[in-house]
Amino acid sequence: MAEFTQSTKLHNVLYDIRGPLLQKAQQMESEGHRILKLNIGNPAPFGFEAPDAILVDMIRHLPHAQGYSDSRGIFSARTAVVQYYQTRGIQNIHVDDVYLGNGVSELITLSLMALLNNGDEVLIPAPDYPLWTASVSLAGGRPVHYLCDEDNEWWPDLDDLEAKITPKTKGLVIINPNNPTGAVYPEHILTGMINLARKHNLVVFSDEIYEKILYEDAVHINTASLTGDDVLCMTFSGLSKAYRICGFRSGWLAISGPKAAAADYLEGINLLANMRLCANVPGQHAIQTALGGHQSINDLILPGGRLLEQRDLAYRMLNDIPGVSVNQAKGALYLFPKLDPEMYPIKNDEKFALELLESQKILISHGRAFNWLQPDHFRLVTLPNVVDLEEAIGRIAEFLSTYKP
């Protein structure tokens, strides 16, 4: 019998957040082990629930959400997205410039597929959220990683970024607040990146899914508020994180800038949106209520809030471990600690994470899963309550105290 093999289009596509480590954890769970999963930013398993108003509104609309919607999404939800960006000082987004999707993930892949030809390059931060790298590869493009500087708040290195622009470069990805580092970019960094996009005629892809999860004095600046009318900006956001409804798959893409000059590209996006018919309609009905109502995320990120307390505990405990250092996250749900390569001369960080899992029943994501070049980092999700988080980091410290790579 002939063998059936995967498409060669997948040969450079990786998504190790749900790769071999998770498969090993699932196997251990099937054998009766209790695994604390600190690998994915999924709020629901850690006791974070959606606001009641969102659930009530979705239930109320269920009888009317059984058919397909417009391929862009329902009008009321797209209008709510436009009005939200208007409050953020962005006036050049209209209802027909908004596409609703099955989470931001679908829209990232869709927008790259519509743009890239084989060999086209897209600049992506290192470390990154690996879906960006995978989606560029799947679309036939070549991901090129620009460095973010750990010694400078994990902000992008603008010189490194500019040095990696070539005639084949088509797009620039900005992840702000950043996953996995928790960095929040100041205006001068964003302006510098936008100026490079303007100079080299690049499409800016701005991933802002964590825009409402900010700590202390951090301020999020929407990229589209700085790009103006001469830089095409694709803004991605949604309800998964700030509203704790990852499973509802409710995200959006908002397009701003020189849309007339990009008409052919935007026609391609529209074609792909039509092909998938529409996004999950019940999830679309959550958007207007979420954006217009009480922003319950503030109760979690302000002093006394769970997310702030958990971030602070994790930061303190990780930095107390000999040979471990980590920058404080200004936003998002993660820390990206560094393991001193002299104390822990790790050659294979995935093997390190596997040994931690087998020894301590703690599942983390290794740093190279986020396209970080060196095997000296890992990502820790800060969603568990302080008791569980304290236990988990205590187990990591115990493991490292005797670890010999």
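The values are calculated or read from the model by the stated rules, or taken from the named source; none is laboratory data. All values derive from a computational prediction rather than experimental measurement. In this analysis, Cβ positions are derived from the backbone assuming ideal geometry, glycine residues included, and neighbour counts consider all displayed protein chains. Ligands, DNA and RNA are excluded from the accessible area calculation, which covers all protein heavy atoms including side chains. Shrake-Rupley method; radii C 1.70, N 1.55, O 1.52, S 1.80 Å.
Restricting to the range 331-343, count the residues that are open to solvent by 10 Å² or more (accessible area, probe 1.4 Å) and either under 16 Å from R379 (Cβ atoms) or among the β-branched types (V, I, T) (or both). Spell out the reasoning first.
Restricting attention to the range 331-343, the residues satisfying the condition of being open to solvent by 10 Å² or more (accessible area, probe 1.4 Å) are 338, 340-343.
So of that shortlist, the ones also either under 16 Å from R379 (Cβ atoms) or among the β-branched types (V, I, T) (or both) come out as 338.
Total meeting the criteria: 1.
To keep it simple, each residue is scored yes or no on (1) surrounded by 16 or more Cβ atoms within 10 Å (Cβ to Cβ); (2) of a type in the set (G, A, S).
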position	(1), (2)
E29	no, no
F48	yes, no
Y68	no, no
S111	yes, yes
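Within the range 127-134, is even one residue over 17 Å from the mean Cα position of the chain (by Cα), surrounded by fewer than 24 Cβ atoms within 10 Å (Cβ to Cβ) and under 29 Å from I245 (Cβ atoms)?
Kept after step one, since they are over 17 Å from the mean Cα position of the chain (by Cα), are these residues of the range 127-134: none.
Looking for residues that are over 17 Å from the mean Cα position of the chain (by Cα), surrounded by fewer than 24 Cβ atoms within 10 Å (Cβ to Cβ) and under 29 Å from I245 (Cβ atoms), one finds none in the range 127-134, hence no.
Which of (1) closer than 17 Å to Q83 by Cβ; (2) in contact with a His (Cβ under 8 Å, 6 or more places away or on another chain); (3) not aromatic (F, W, Y) is the odd one out, the single condition P282 does not satisfy?
All conditions pass for P282, except number (1).
Conditions tested, residue by residue: (1) of a type in the set (S, T, N, Q); (2) open to solvent by 30 Å² or more (accessible area, probe 1.4 Å); (3) part of a loop (DSSP other than H, G, I, E, B).
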{"residue": "D229", "(1), (2), (3)": "no, yes, yes"}
{"residue": "F236", "(1), (2), (3)": "no, no, no"}
{"residue": "S240", "(1), (2), (3)": "yes, no, yes"}
{"residue": "A260", "(1), (2), (3)": "no, yes, yes"}
{"residue": "G268", "(1), (2), (3)": "no, no, no"}
{"residue": "L272", "(1), (2), (3)": "no, yes, no"}
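Only one residue in T79, T8 is open to solvent by 100 Å² or more (accessible area, probe 1.4 Å) and among the β-branched types (V, I, T). Which one? Break it down into steps so the answer makes sense when it comes.
Working: T79 fails: open to solvent by 100 Å² or more (accessible area, probe 1.4 Å).
Step by step, each of T79, T8 is checked, and only T8 is open to solvent by 100 Å² or more (accessible area, probe 1.4 Å) and among the β-branched types (V, I, T).
Residues that are among the β-branched types (V, I, T): list the helices (runs of 4 or more DSSP H) wholly contained in the range 299-405 that include at least 1 such residues.
Passing ranges, in order: 386-401.
Does any residue of the range 34-42 turn out to be within 18 Å of G238 (Cα to Cα) and either open to solvent by 20 Å² or more (accessible area, probe 1.4 Å) or in contact with a His (Cβ under 8 Å, 6 or more places away or on another chain) (or both)? Step through it out loud before you land on a result.
Kept after step one, since they are within 18 Å of G238 (Cα to Cα), are these residues of the range 34-42: 40-42.
The next check asks that each one be either open to solvent by 20 Å² or more (accessible area, probe 1.4 Å) or in contact with a His (Cβ under 8 Å, 6 or more places away or on another chain) (or both); those that pass are 40, 42.
Within the range 34-42, one or more residues are within 18 Å of G238 (Cα to Cα) and either open to solvent by 20 Å² or more (accessible area, probe 1.4 Å) or in contact with a His (Cβ under 8 Å, 6 or more places away or on another chain) (or both).
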